[in-house]
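Step one of this worksheet: look at the structure below.
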Amino acid sequence: MYLNDRNTTAELLHYRALSVRGVLSVEDARNLKIYESGFSGEYLYDKIFDEVGHDNLYIFRDVYLAVGKSGAQYDSIIIADDVITVNEIKNYSDEYYYKNGRFIKNGEVVPDNPFTQVDRAVGKLYRKCRNAKISTEIKSKVIFPNDDFRLYSEDTSIWKNVVIRMDLKKYFRQFKDSYNTEKAGSLVSVIRAHISPNPYFNGRSNVDRLRTGLYCGSCGDFNLIKTRYHRQCVSCGTKESNETHMLRVMSDYKYLFYGEVMTRRSILELIGNEFDKKVVYRAFLKHCDAHKQGNQMYYAFKYYDFDDAYKQTKKFMKHRDYLA
């Protein structure tokens, strides 16, 4: 069973918001493509795992574990038979060659070696368990869930560390008869105690290069007709409440200016003062936790992102949305 949700990463939410509100640089566009592809691969991995079943397992998904002053990102950690298995998920497509310890595509070396990444992650997890005085075996596999991926290598030793799409269900089925004891619960506690936000992501944006205002959640158009409680999109006809727009704005701000405090002034600046201060303040009171820093009030969005906020609040909204 899954022990946590696999949320859209902060990096992907940052670049998605940036793609709507700004002109992406070549590097930004490349990063957006990489994170979208990675998340699609993880979603596919989860979907296939769901089809096979995993109620007898403990599974952490997409967690960053702090180890001293460093740490590692884990796409999937499976605990079965009191043994930990780390899965590094790579949504590669097309042809790759593995030669001299490197992955090569179109004649160019891939910068990040998945085998090196997963070995480093396993080593840090061993350190966690040793510090907690728990002895356990830790296995690893690199998972390639894309059925358009092809890997060639004369190094036959790599195949024991690789699972490709056609073998993925078979790989998951090997856990079907597994069970866990109290030791697995201790392993879960150790992992859970060290989950933390990824400290290496800095998604801060320059507001001067962003398009301010409100935009349609269906098509992304900024051309909206104002009514008393809604904004209606001129392009597609979608009609969303002021509250829905405020949830989207606060989520955008959280990831466009990741790690920065959110104030009434900063939100009004992002939306181009399209809402009255009172509307923004009411949204803060309802959907944020308030904090005081000196003489200034700042607010923290209560939810992970817009999708999480909308799911939790939709049925309590006074004014409904009308999607085209």
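Summary of computed values
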{"quantity": "Those chymotrypsin sites (Phe, Trp or Tyr not before Pro) in region 160-251 that DSSP places in a loop and that have at most 13 other beta carbons within 10 Å", "calculated": "Y179, Y200, Y229"}
{"quantity": "Cα-Cα over 27 Å, subset of K47/K318; K139/K254; K69/K254", "calculated": "K47/K318; K139/K254"}
{"quantity": "Links that overshoot a 25 Å alpha carbon limit, given the list K239/K292; K90/K169; K286/K314", "calculated": "K239/K292"}
{"quantity": "Tail weight of P(r) past 19 Å, computed on alpha-carbon pairs of region 45-135, percent", "calculated": "51 percent"}
{"quantity": "For the chain: relative contact order, % (alpha-carbon pairs under 8 angstrom, 6 or more apart)", "calculated": "16 percent"}
{"quantity": "Packing-based exposure ordering (other Cβ within 10 Å, fewest first) of H194, H319", "calculated": "H319, H194"}
{"quantity": "Reachable aspartates and glutamates, given that their alpha-carbon falls under 18 Å from the alpha-carbon of K105 and they are not under 8 places away in the same chain", "calculated": "D94, E95, D147, D148, E154, D155"}
{"quantity": "Kyte-Doolittle mean at least -1.0 and Cα axial length at least 20 Å: DSSP H helices in the chain", "calculated": "26-52, 114-131, 242-256"}
{"quantity": "Cα-only Debye scattering, region 207-316: base-10 log of I(q)/I(0) at q = 0.12, 0.15 Å⁻¹", "calculated": "-0.39, -0.62"}
{"quantity": "Among G185, L13, G53 the positive-end extreme of the charge dipole of region 10-193 (Cβ point charges)", "calculated": "G185"}
{"quantity": "Neighbourhood charge, 15 Å Cβ-Cβ cut-off, centred on S196 and excluding it, Lys, Arg +1 and Asp, Glu -1", "calculated": "+3"}
{"quantity": "Rounded if a/c under 1.5, otherwise prolate or oblate - the chain, Cα gyration tensor axes", "calculated": "prolate"}
{"quantity": "Mean shadow area of region 163-267, taken as a quarter of the surface of its Cα convex hull (nm²)", "calculated": "12.9 nm²"}
{"quantity": "For region 10-193, the Rg and Dmax computed from alpha carbons only, in angstrom", "calculated": "17.5, 52"}
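Computed from the coordinates by the stated procedures, all read-outs in this text should not be read as laboratory data. Quantities reported herein were computed from a predicted structural model and do not represent experimental measurements. So basically every Cβ, Gly included, is an ideal-geometry build from the backbone, and we count neighbours across all protein chains shown.
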